[in-house]
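Worksheet: the structure to be examined is printed underneath.
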Ligand code: BGC
């Protein structure tokens, strides 16, 4: 297809239609498809909405085919629509929520999950997923932390790359390939006070060093679209923020794809107080280079008038439409507008046994073992009582589960009873009647819909009834294993007396089966926290990646140092923390010189030793700091990690190559700095318990 020729034949109305994304119920009255966000009556005439260039949230292959037929029938130039949806952690076979995927510290798993999600969703006619969400966040009050990869830039980058690579399964024109739309540009995860949609205001130093890198990774991995954030970014709504879209996203970061708004966000610039009315919003959107408005219709309604009034240029419209048509061509829609959408293929492929089995394998590394005084793993012969609100629950998929159905999930009561004697099962926290058991499994946490979009909250403590139950059981000498459910970090301070604690997150279609495997020791847990767990909600925003301050906390002389009067400064469990059933040790075996000039990489070789008879996986983490440095550096910054499989008593050598790339720090103008300094490298199995290597950093004269 010659896109330029096509563009030349299009009327202004047809072009503005391409720049509009509408939900399918506009085309099929009866459609019950869920559309996220507040759906207003757009007051469009039928001949206007039939011009829409893309559709949000299609139900299945049949619906896709009929909507595509309606659109093609009315399209003078036979331009097919693009179908987009939020395939976040699976289509119908549901995988762990993204935050739990990050907890695996194994990006390859995410790549495989997303490849399956791409195969399933593309048989339903979906062409683009609104994922990955790569918004770094350090505030558990923000419900959307479930949808991201946590608090750390490096982990976020590695997960982002894997996520995009997974969706991009095969070639763009192939069935099974899902184009990706990284989101939400920019800084959505830094909304003030963790309140969704709230203001984002940050220094460019922080943006460049902490928030921007993952968006860049998505671009470099070939993500075709970028969704702008709902929030203001440094005073201007991202949707119409020209500096953000033109200077930063396009010029500085080299993004050359399609820019879309979030749902209804162009219209919402009026509520932000930025646009006078919808007409003004359309003008501002076009000037900022916003190419598709999702869920609102200001372009369709006012675009032509704005052009006639000379407030916008035809070039602004043409540039946007060209990119949209080019994406359709890239995905092969001009050759095959239905591209693999097939009800019969859907039946055999979607939620197939093969995909469900993969869901088990790919989810096993997400649960995080926080405490174990030896009660785990459980012996198959044990007599167990199962209590708490999740005991018989099927609601274990996680909040963005698209077409996943909880009703198809197994419960703990079902999976545990296959291998253990379940003496009693109760959904309450009442344990007073429990006697004559070897252990109690107590389920607690927040529900699957307590996190996600618009699910901000300040109450992140575990239900007090859970700690009361633990006390009662301890009085009666009954070991207690706590399974915590959550889409965000929760405050576990009240339950640390339990004998064992597993942070299960929400693992999707095979949640209960996966946790059962871990409880039984069929697999040793190997997850690590992608966000620190707090002692109190008042600590937010928090991360291990903080600066030292001029008055670092000193336990021996705490007056006038940075601290809280009423709570320990540290997290309850730090970033990168997680136990396994065995025990490993690590030793540096490279003999290092005490200086380095960066002209060649610094090789670090470690020996990890499994000191147990369990098969385990450990994550060796390398952190760094440089002092002095301007701008200042975080006290610790993760620069490498490696997850290593270890057979019983096995010793394995693990090698890392440190390069000057690991030392990069940007100032507010995005200049890099490599000044002479003392480089401290730290290594360990979590961000807190690390050993140090000190190196004199004297950069070679070629390094600027
Ligand atoms: C969310 C986006 C999502 C869109 C479409 C919005 O409310 O913020 O992340 O992609 O809805 O469902």
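Under the rule a/c < 1.5 gives rounded, and otherwise a/b versus b/c splits prolate from oblate, where does segment 417-528 land using the Cα gyration tensor?
Verdict is oblate for segment 417-528.
Can you give the angle from 0 to 90° between the axis of helix 511-520 and the longest principal axis of the chain, with both taken from C-alpha atoms, to the nearest 10?
Between the helix axis and the principal axis of the chain, the angle is about 20 degrees.
Quick one: P(r) of the chain from all Cα-Cα pairs, 20 Å bins, percents rounded to integers, in order of increasing distance.
Result returned by the calculation: 18, 48, 30, 4, 0.
By counting other Cβ atoms within 10 Å of each Cβ, how are 182, 674 ranked from fewest to most?
Final ranking by Cβ density, sparse to dense: 674, 182.
Rounded if a/c is under 1.5, else prolate if a/b beats b/c, else oblate: with a ≥ b ≥ c from the C-alpha gyration tensor eigenvalues square-rooted, which is segment 34-166?
Prolate.
Rounded, prolate or oblate: which one fits segment 325-408, using the alpha carbon gyration tensor with axes a ≥ b ≥ c (rounded when a/c is under 1.5, else prolate when a/b beats b/c, else oblate)?
Judged from the Cα gyration tensor, segment 325-408 comes out prolate (a/c at least 1.5, a/b above b/c).
Compute log10 of I(q)/I(0) for segment 351-539 with the Debye formula, placing one identical point scatterer on every Cα and leaving out solvent, at q = 0.12, 0.15 Å⁻¹, to two decimals.
-0.54, -0.86
Tell me, 697, 142 in order of fewest to most beta-carbon neighbours within 10 Å?
Going from least to most buried by this count: 697, 142.
Give me the Kirkwood hydrodynamic radius of segment 584-697, using the inverse of the mean 1/r over all pairs of distinct Cα atoms, in Å to one decimal.
Value: 15.1 Å, from the Cα pair sum.
For segment 523-617, what is Rg from Cα atoms divided by 2.2 N^0.38 Å, rounded to two decimals?
Computed over Cα atoms of segment 523-617, the ratio equals 1.51.
If the viscosity is 1.306 mPa s and the temperature 10 °C, what translational diffusion coefficient in µm²/s does Stokes-Einstein give for segment 291-355 when Rh comes from Kirkwood over Cα pairs?
The calculation lands on 105 µm²/s.
Measure nothing fancy, just the Cα-based angle from helix 61-74's long axis to the longest principal axis of the chain, in degrees from 0 to 90, nearest 10.
20 degrees
Restricting to Cα pairs below 8 Å that are 6+ residues apart, what does the relative contact order work out to for the chain? Please round to a whole percent.
14 percent
From the helices alone, meaning DSSP H stretches of at least four residues, give me the mean residue ellipticity at 222 nm for the chain, per-run term -39500 (n - 2.57), in deg cm²/dmol to the nearest 500.
-7000 deg cm²/dmol
Since every read-out is calculated from the coordinates, none of them should be taken as a lab result. Values in this document were obtained by computation on a predicted structure and should not be read as measured data. Counting neighbours? That spans all protein chains shown, and the Cβs are built from the backbone with ideal geometry, glycine included.
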